[in-house]
Amino acid sequence: MTPAVETYATLAEAARAMASGDGVYLAGGTLLMRAVNAGEVPRRIIRTTDRTLREIAPVGDAVRIGAGVTMVELLQNRELAFLHAAARQVGGPQIRAMGTVGGNLFAPHPYGDLAVALLALGARVVMAGQAGARPLADLLRDRARTGLVAAIECPRPRDARSFGFLKVSRVHPRGASVVSIGAHLPREGGRIRGARIAFGAMGAAPLQASAAERALEGQALDAAAIARAGAVAAQGIDPPSDSLASSWYRREVSGVHLRRLLESMERG
Amino acid sequence: MAKKPVTFTLNGTERAAFADPGQNLLDLLRRGVGDLTPKYGCAQGGCGACTVLIDGAPHLSCLVLGETVEGRAVETAAGLSGAALHPLQEAFMVHFAAQCGYCTPGMLMAAKALLDQTPKPTREEVEEAISGNLCRCTGYEPIIAAILSVANGSVRA
Ligand SMILES: Cc1cc2nc3c(=O)[nH]c(=O)nc-3n(C[C@H](O)[C@H](O)[C@H](O)COP(=O)(O)OP(=O)(O)OC[C@H]3O[C@@H](n4cnc5c(N)ncnc54)[C@H](O)[C@@H]3O)c2cc1C
Ligand code: FES
Ligand code: FES
């Protein structure tokens, strides 16, 4: 079977074309074309050449990142330095030249490393043809048939040291995640206020480690708090098994890696 | 389903081809245009043998929808050598950086993308640049040495 490829000048037109439900949106294509090559051919492939999808612009305390911005474009933007550690960890150079921020939000396990960082930072998504923005966490909970993402609005961490990212993989420099972790721990008067910890490769999509967040909230980032957060890291989480790691292994090591990340943030 | 005409430059020369719906760029280059230098390894993004440059940046041609290169500049290993070998090709030869050679066209294009941007890369930058390219023969060391020798201007040293 061959697909019909439809190219639209604007995102709005592409979004309308998606409304009938039998189309699949093509961004960088690193996942979609892989599926097409493997014989999973959608009836319609829908794409747009809309330049606004490639824009990066400040909005108040946040940065608005067009869904079509590639990892390489993100890495070239100094305003987005706080996301560079995560973007650099997405695949090899070719994947980073092709893969987009929008596509990363929909990448299946064990992918979605940038989405992990965005989730930890409390990013919001702007949907095509909808006013306002909704929390990325909502989108990640149910990614099927959500409509098109126009942009991501990511709050800039007030203090660069309050945000940390760690990806653990078996193959260096390029490998898929055994686990990836984003931690945003803003501090007020030495106490953590608004702790957010996100895990990648610990579920179907990136998710928050709420038990670890609770263990850190209101605490100083010291050895005792770090140990408690590490101990409860996988609470309420049922990680998948795959060729990289079993569910049991991920549950056992996620807390260890969280502890290491928090320790490196404590050292500053 | 109708084929789509695509016009792009291939190694500096204007080319036109008809892309099948859903056809990837690797297939379009090999079958539509007859450039057999990009290799078909996995068609899954995993091996890098199909690496080409699009507007100067390394891409996996197996994961690029063929018709999307309309108006863009595509470079493959076929365009590297003129009358003489490209310094990277020469270095790969001197350093025995190709055994079976299947990964070589992709490695060369990944290396070219690096050196075009970063003429004096560190060893780590070279490792990173070819991290999306698998080689089952050489163990990578000769490839890294070859790329570094071009950067140092010591291919034949
Ligand atoms: C070899 C290889 C290695 C990889 N390594 C990593 C890795 O280390 N880390 C990682 O995180 N990922 C990795 N990936 C996965 C993938 O490349 C990235 O997640 C990338 O960011 C996906 O973006 P894309 O633009 O290529 O998505 P596409 O393939 O174009 O799209 C993927 C899915 O997202 C949907 N989509 C895309 N954009 C939008 C939008 N704006 N609105 C709504 N839906 C949208 C598409 O319809 C499709 O279903 C790897 C992939 C490969 C092939
Ligand atoms: S053939 Fe394209 S990455 Fe293997
Ligand atoms: S030389 Fe054989 S795969 Fe690299």
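What are the pairs with Cβ atoms under 8 angstrom where one residue, in segment A:173-187, is not assigned by TED's automatic domain parsing to the domain that holds A:Leu119 and the other, located anywhere, is away from ligand 3 (no atom under 16 Å from the Cβ) and of a type in the set (Asp, Glu)? Sequence gap at least six, or different chains.
Taking only residues 6 or more apart or on different chains, the pairs are A:Pro173/B:Glu128; A:Ser177/A:Asp113; A:Ser180/A:Asp113; A:Pro186/A:Asp159; A:Arg187/A:Asp159.
Restricting segment B:91-110 to residues that are away from ligand 1 (no atom under 16 Å from the Cβ) and in a loop (DSSP other than H, G, I, E, B), which is nearest to A:Asp50 (Cα to Cα)?
B:Tyr102
Being within 14 Å of chain A (Cβ to nearest Cβ) and surrounded by fewer than 17 Cβ atoms within 10 Å (Cβ to Cβ), is that true of even one residue in segment B:94-117?
Scanning segment B:94-117 turns up at least one residue that is within 14 Å of chain A (Cβ to nearest Cβ) and surrounded by fewer than 17 Cβ atoms within 10 Å (Cβ to Cβ).
Could you list, in sequence order, the residues of segment B:57-74 that are more than 7 Å from every other protein chain (Cβ to nearest Cβ) and within 16 Å of ligand 2 (Cβ to nearest atom)?
B:Ser61, B:Gly66, B:Thr68, B:Val69, B:Val74
Mind telling me which of the residues A:Gly103, A:Gly129, A:Gly92 ends up being touching a residue at least 60 places away in the same chain (Cβ under 8 Å) and within 16 Å of ligand 2 (Cβ to nearest atom)?
One residue alone meets the criteria, A:Gly92.
Need a quick list: strands (runs of 3 or more DSSP E) entirely within segment B:1-90 having at least 2 residues that are within 21 Å of A:Val36 (Cβ to Cβ) and within 16 Å of ligand 3 (Cβ to nearest atom).
Fully inside segment B:1-90 and qualifying: nothing.
Pairs needed: first member in segment B:38-49, at the interface with another protein chain (Cβ under 10 Å from one of its Cβ atoms); second member anywhere, surrounded by 22 or more Cβ atoms within 10 Å (Cβ to Cβ) and hydroxyl-bearing (Ser, Thr, Tyr); C-beta distance under 8 Å; at least 6 residues apart or different chains.
Here the result reads B:Gly45/A:Thr30, each pair linking segment B:38-49 to a residue that is surrounded by 22 or more Cβ atoms within 10 Å (Cβ to Cβ) and hydroxyl-bearing (Ser, Thr, Tyr).
Any idea which residue in segment A:257-268 is nearest to A:Ser210 (Cα to Cα), counting only those that are at pLDDT 95 or above and surrounded by 13 or more Cβ atoms within 10 Å (Cβ to Cβ)?
Within segment A:257-268, the match that is nearest to A:Ser210 (Cα to Cα) is A:Leu258.
Can you confirm whether segment B:106-122 contains a residue that is free of Cβ contacts under 8 Å to residues at least 40 places away in the same chain, away from ligand 2 (no atom under 16 Å from the Cβ) and at positive phi?
no
Could you please find all residues in segment A:2-32 being charged (D, E, K, R) and part of a strand (DSSP E or B)?
The answer is A:Glu6, and nothing else.
Would you point out which residue out of A:Thr52, A:Thr100 is more than 14 Å from every other protein chain (Cβ to nearest Cβ) and of a type in the set (Ser, Thr, Tyr)?
Within the list A:Thr52, A:Thr100, the selection yields A:Thr52.
Got a number for residues in segment A:53-82 being assigned to a helix (DSSP H, G or I) and either within 16 Å of ligand 3 (Cβ to nearest atom) or over 24 Å from A:Leu244 (Cβ atoms) (or both)?
11
What number goes with the only condition from (1) without any contact (Cβ under 8 Å) to a residue 60 or more places away in the chain; (2) out of contact with any Gly (no Cβ under 9 Å at 6 or more places or on another chain) that A:Val59 does not pass?
Only one criterion is unmet by A:Val59, namely (1).
For segment A:209-219, does any single residue satisfy the condition of being within 23 Å of A:Leu105 (Cβ to Cβ), touching a residue at least 40 places away in the same chain (Cβ under 8 Å) and either within 15 Å of ligand 1 (Cβ to nearest atom) or in a strand (DSSP E or B) (or both)?
Checked against the condition, which is being within 23 Å of A:Leu105 (Cβ to Cβ), touching a residue at least 40 places away in the same chain (Cβ under 8 Å) and either within 15 Å of ligand 1 (Cβ to nearest atom) or in a strand (DSSP E or B) (or both), segment A:209-219 yields no hits at all.
Which pairs turn up if I take residues in segment B:127-147 that are at positive phi and within 14 Å of chain A (Cβ to nearest Cβ) and look for partners that are assigned to a helix (DSSP H, G or I) and more than 16 Å from ligand 1 (Cβ to nearest atom) with beta carbon separation below 7 Å, at least 6 apart in sequence or on another chain?
Pairs found: none.
Mind listing whichever residues of segment A:160-186 are away from ligand 2 (no atom under 16 Å from the Cβ) and part of a loop (DSSP other than H, G, I, E, B)?
A:Arg170, A:His172, A:Pro173, A:Leu185, A:Pro186
Pick from B:Arg15, B:Arg31: which is assigned by TED's automatic domain parsing to the domain that holds B:Gly71 and closer than 15 Å to B:Gly79 by Cα?
None of the others qualify; the one that does is B:Arg15.
Which count do you get for residues in segment A:1-37 that are surrounded by 15 or more Cβ atoms within 10 Å (Cβ to Cβ), of a type in the set (Gly, Ala, Ser) and without any contact (Cβ under 8 Å) to a residue 60 or more places away in the chain?
3
For segment A:113-124, state whether one or more residues are out of contact with any Leu (no Cβ under 6 Å at 6 or more places or on another chain), under 30 Å from B:Val52 (Cβ atoms), within 7 Å of ligand 1 (Cβ to nearest atom) and part of a loop (DSSP other than H, G, I, E, B).
No, segment A:113-124 has no match at all.
Mind listing whichever residues of segment A:37-49 are among the aliphatic types (A, V, I, L, M) and either more than 11 Å from every other protein chain (Cβ to nearest Cβ) or under 20 Å from A:Leu105 (Cβ atoms) (or both)?
A:Ile45, A:Ile46
The values are calculated or read from the model by the stated rules, or taken from the named source; none is laboratory data. The structure displayed is predicted, hence computed values, not measured ones. Quick reminder, even Gly has a Cβ in these numbers, built from the backbone with ideal geometry, and neighbours come from all protein chains shown.
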